Structure formats: structure tokens, C-alpha cells
Amino acid sequence: LLLAFASCSFTTKTFDESDDKDKLLVQLVTYVLEQGHFEPKDMNDEFSQHVFDDYLNQLDPFKRYFYESDIKEFSAFKNELDNQLMEYDLSFFNLTHERLIQRMEESKAIYKEVLEQPFNFSENEEFNTDYETAGYVSSKKEMKERWRQQLKFSAIANYHDLIKTQEAEAKRI
């Protein structure tokens with residue numbers, strides 16, 4: 001971001017200095033991508049698709065919040081983000097932000113419900129930690145199962161780390 005501001009200081013480009021900080025930020029980012037970047041980016045459908053995929057991956061990398069239906073709804077914007085950025089339209093980003101807040105609230109209830117029951121560590125099950133290939137869930141039941149598996153995996157991983165730390169401390173003594 002500092003580089004973006006610095007690169008703009010050497011230009012005659014003026015930015016709308018309204019009170020809308022989000023709009024100003026979009027103007028700045030758009031300008032840097034088009035003009036001030038070492039490798040200027042073409043604002044086109046390919047750019048939109050790349051931003052769409054990266055943005056959603058950053059918002060929900062472990063696919064614990066958004067549902068398949070959310071992604072389908074968001075997909076309507078997949079080729080429109082370049083146009084929205086050029087028009088300083090934040091509709092897509094506002095929609096995804098509001099939905100993320102909603103889904104995070106729903107998740108609190110889900111993981112609290114999951115944690116009410118003890119985990120069965122004697123049960124042999126598999127948990128896929130390759131989140132890039134994992135799909136989004138299509139139901140609340142699937143979301144609850146995803147959270148259960150993730151929390152159980154985290155409990156096992158934390159226990160394993162604790163044992164390793166205690167063993168290392170015991171060797172030092």
C-alpha cells in the first residue's frame with residue numbers, strides 16, 4: 001500500500017477526495033494496477049476471474065463459512081469485477097462482506113453445538129486438510145460435520161504439540 005501511495009505521488013492523476021474511503025481506496029488500487037504497477041494489469045474478464053478466485057480464497061480459505069449456494073450467487077460477479085472497479089462500485093465486495101459476517105455468526109452457534117459433545121477419539125476417520133481441492137458444503141448438516149472434523153483435528157494436533165513440548169522439556173532436565 002505504501003508503494004501505491006508513493007507511486008501516486010509522482011503523477012498528476014487526481015482522486016476524488018470525498019468522504020467515502022472505500023471509493024478512494026478502489027480508485028487508488030485501480031490506478032496502481034493500470035498505470036503504476038511494474039507490470040500494469042489489463043482490467044478485463046480474465047482479471048475479474050483472477051480477483052474473484054483469489055478474493056474468495058482469502059475470505060474463506062478453509063471453506064468453513066460460505067456455502068455452495070453463496071458461491072453460486074457470488075459467481076454472477078465473476079466477470080464483472082473489472083467493470084465494478086472501474087465504476088468504483090463495491091456491490092460485490094459489500095455482498096461478500098455482509099455474507100461473511102452472517103456466516104461467521106452462524107458458525108459460532110455450530111461450533112458451540114459441536115463442542116457440547118466430547119469427541120470420540122477411538123473412531124477411525126479421515127480428515128482432508130487439502131482445502132484447495134475441498135468443495136463448499138451444500139447444507140447446514142454438512143457444515144456442522146466440517147466444523148466437527150476441523151475441531152477434532154485441531155484438538156489432536158494441539159495434544160500432539162503439547163506432548164512433543166513436554167518431551168523436549170523432559171530431555172533438557
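Ordered from highest to lowest accessible area with the whole protein assembly present and a 1.4 Å probe, L100, L162, L81 read as L162, L100, L81. Calculated FRET efficiency, M86 and K140, Cβ-Cβ r, R0 45 Å, to nearest 0.05? Result of the calculation: an efficiency of 0.75. Since only S48, I101, L115 are under comparison, the one whose Cα sits farthest along the positive direction of the charge dipole of the range 44-117, derived from C-beta charges on Lys, Arg, Asp and Glu, is L115.
I need the shape label for the range 80-173. Rule: rounded when a/c is under 1.5, else prolate if a/b > b/c, else oblate, with a, b, c from the alpha carbon gyration tensor.
Taking the square roots of the gyration eigenvalues as a ≥ b ≥ c, the range 80-173 is prolate.
The values are calculated or read from the model by the stated rules, or taken from the named source; none is laboratory data. What you are looking at is a predicted structure, and each value in this text was computed from that prediction instead of being measured. Reconstructed Cβ throughout: ideal geometry from the backbone, glycine too, with neighbour counts over all protein chains shown. With ligands, DNA and RNA removed, areas are computed over all heavy atoms of the protein, side chains included. Shrake-Rupley method; radii C 1.70, N 1.55, O 1.52, S 1.80 Å.
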